[in-house]
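Student: Submitted below is the structure of interest, expressed as structure tokens.
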Amino acid sequence: MTQNWKQLQQAARNISQNNVLWNDLLQHCVIDFLEKPESQNIIENGYARFYIVRMMMNQWRSVTSPFYKIYRSNDFKSIDELDNSDWYYESAEEPDWDIDKVKTILDHMSENRNDAGWYHAKLVELYAETPNYSKLSVVTSISRTSISKSVDRARKEIKQKYYG
């Protein structure tokens with residue numbers, strides 16, 4: 001798939017008409033594609049680029065798509081217009097946690113580099129300092145989709161270990 005990356009980037013730009021969200025659209029669809037059980041067969045048969053382009057078209061055009069609901073329904077115009085509420089990410093209120101226990105869990109995650117625990121833990125730490133996916137995306141050059149999914153995975157792991 002790496003040999004098709006430039007073509008996929010261009011397709012995302014074309015589909016979105018060079019909208020500022022083109023890279024988020026591409027990353028959202030690639031992550032979604034790779035999580036599908038049939039993705040390996042699609043790659044082996046040489047249809048991955050076609051499949052992802054079709055996903056991008058559907059995600060961009062449909063007002064009921066997850067991408068539309070996350071990014072486009074809020075009329076995203078610029079990073080300066082965002083507040084600290086992470087307007088596109090809805091989560092339940094976190095309970096009052098023992099911060100030392102959470103830090104210990106994050107330290108343990110950081111030590112576990114084999115399954116990206118370090119990456120997730122660092123993003124959680126950055127998110128704690130800047131609790132806005134969009135602003136964090138600008139600072140780190142990591143897509144909002146990747147940040148939100150990583151922070152969500154880390155939250156789940158923290159909750160599991162905290163209450164486990």
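Student: Considering each of Lys122, Lys135 in turn, give the residue that is at pLDDT 75 or above, closer than 14 Å to Arg155 by Cα and among the charged types (D, E, K, R).
Tutor: Lys122 is the lone residue from the list that is at pLDDT 75 or above, closer than 14 Å to Arg155 by Cα and among the charged types (D, E, K, R).
Student: Just for the range 10-37: of the residues that are loosely packed, with under 14 Cβ neighbours inside 10 Å and farther than 21 Å from Lys149 by Cα, which one is modelled with the lowest pLDDT?
Tutor: For the range 10-37, the residue satisfying everything is Asn18.
The values are calculated or read from the model by the stated rules, or taken from the named source; none is laboratory data. Bear in mind the structure is a predicted one, so any value in this text is a computation, not a measurement. Please note: Cβ atoms are built from the backbone with ideal geometry, for glycine as well, and neighbour counts cover all protein chains shown.
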